[in-house]
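First up is the structure itself, then whatever we jot down about it.
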């Protein structure tokens, strides 16, 4: 697993334990080379984003108990793939982001300035 640092090179803050998120299901947007999707961007889930994601072929609302996935609701926090966030950004559908909870490896895919435009936790 990569070192748990956020986009500011500070200790990574947990994203969500309810629902439990992260590639490693540890509540954080931790990553490693085994995480090809780079589940590194901690988002604030919105209805619009859930609809956008379903339209793009990734239904995040339907529970999948066999995988321990309860389905997401507006207001939940979730570790999203950096490429999916960037795609949503380019379509003006990007959800808000918790920068202190977003792994620094997201910056390999998304520029910090783009993330800051949608930040929940900075002014």
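All of the numbers you see were taken from the coordinates with simple rules; none came from a lab. This one's a predicted model, so the numbers in the text were calculated from it and none came from an experiment. Cβ atoms come from the backbone with ideal geometry, glycine included; neighbour counts cover every protein chain shown.
Please state the relative contact order of the chain as a whole percent: Cα pairs under 8 Å, 6+ residues apart? Could you put the intermediate results ahead of the total?
Values: 256 pairs, mean separation 39.2, N = 123.
The normalised contact order for the chain reaches 32 percent.
Taking 1.567 mPa s as the viscosity and 4 °C as the temperature, the Stokes-Einstein diffusion coefficient of the chain based on its alpha-carbon Kirkwood radius rounds to 92 µm²/s.
Helical content of the chain, expressed as a calculated mean residue ellipticity at 222 nm, amounts to -5000 deg cm²/dmol (DSSP H runs of 4 or more residues, -39,500 (n - 2.57) each, divided by residue number, nearest 500). What is the distance in Å between the Cα centroid of the range 1-44 and that of the range 54-80? So the two Cα centres are separated by 16 Å. For the chain, DSSP calls about 90 percent of its internal beta bridges antiparallel. Here r is the Cβ-Cβ distance between residue 8 and residue 47 and R0 is 30 Å; the resulting FRET efficiency, rounded to 0.05, is 0.55.
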